[in-house]
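The structure appears below as C-alpha cells.
No value in this document is a laboratory result; all are computed from the given coordinates. These numbers come from a predicted model, not from an experiment. Glycine also receives a Cβ, built like all others from the backbone with ideal geometry; neighbour counts cover every protein chain displayed.
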Amino acid sequence: MHAQLHESVPGFQQPIELLRACHRRILNSLDILERLPAHLADNGADEEARGAAQRVLNYFHEAAPNHHADEDQDLFPVLRQHCGHPESHPQLCEWLDRLTAEHDEIEAGWDRLEPALQRIAAGQPADLDGADAWIRQYRIHLDLEERAVLPFAEHLLGPEDRRAIGAAMAARRGIASADRG
C-alpha cells in the first residue's frame, strides 16, 4: 500500500477546496497549540516545545491572515450576492457577518498569544493564558464555515465566481494565476 506523507493541496483553480485544506492546517496548528501547555509543564521549553511553538507561530503569522482575507475580501462578498437566492439558507448573511466579526476577535486573541509563543520558541518560559478559550473559539468558527458556509459556496458559486476568487487568492500571495491569461 502506498501512503502519502503529505496531503496534496488543491490549486487556486479550486478555491473552495483550497479553503478547506487551509482549515485542516489551522486545525492541525490548534492541536499542536492545545498539547503545548502540558508539554511545557513536563519538559519546559525544550527543543520539541520550541519547534512546536515556532510551527504555530509560522502558520498563524503568515498563512492565517491571508486565509481570513481570502474569506472576508473574496469569498464572503460573492456569497452575499446570493443571500436572497432560493437555494441559499435564510441565515447565510447572518453567518457571514458573524464569521467576519469573529475573524477580528480571533486575530485579537492571536495578538495576545503570540508574545508567549515567541518566548517559548526562544527557549524561555511563558504561560499560554487564554489559549484554551482561543482554540475553542477558533474550532467553533471553523465548524460553522465547514458545515454551513462552504457547502453553500460549493452549491451556489459558478465557474466565473470560483475563477475570480482563486485569482484573487493567488494575487494576495504574489502568485501568478493560470486563469489570468
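When the square roots of the Cα gyration tensor eigenvalues are ordered a ≥ b ≥ c, the ratio a/c for region 15-174 is 1.5 or more and a/b exceeds b/c, which makes its shape prolate. Please check: in the Gaussian network model of the chain (C-alpha springs, under 10 Å), which one of Leu33, Leu96, Leu156 has the largest mean-square fluctuation. Comparing Leu33, Leu96, Leu156 in a Gaussian network model of the chain, the most mobile one is Leu156.
Subtracting the Cα-Cα distance of Asn66 and Asn28 from their residue separation scaled by 0.36 nm leaves 12.0 nm. The gain in end-to-end length when the Arg50 to Arg98 segment is fully stretched comes to 13.9 nm, 0.36 nm per residue minus the alpha carbon separation.
Computed from the Cβ-Cβ distance with R0 of 22 Å, the FRET efficiency linking Gln73 to Glu17 stands at 0.70.
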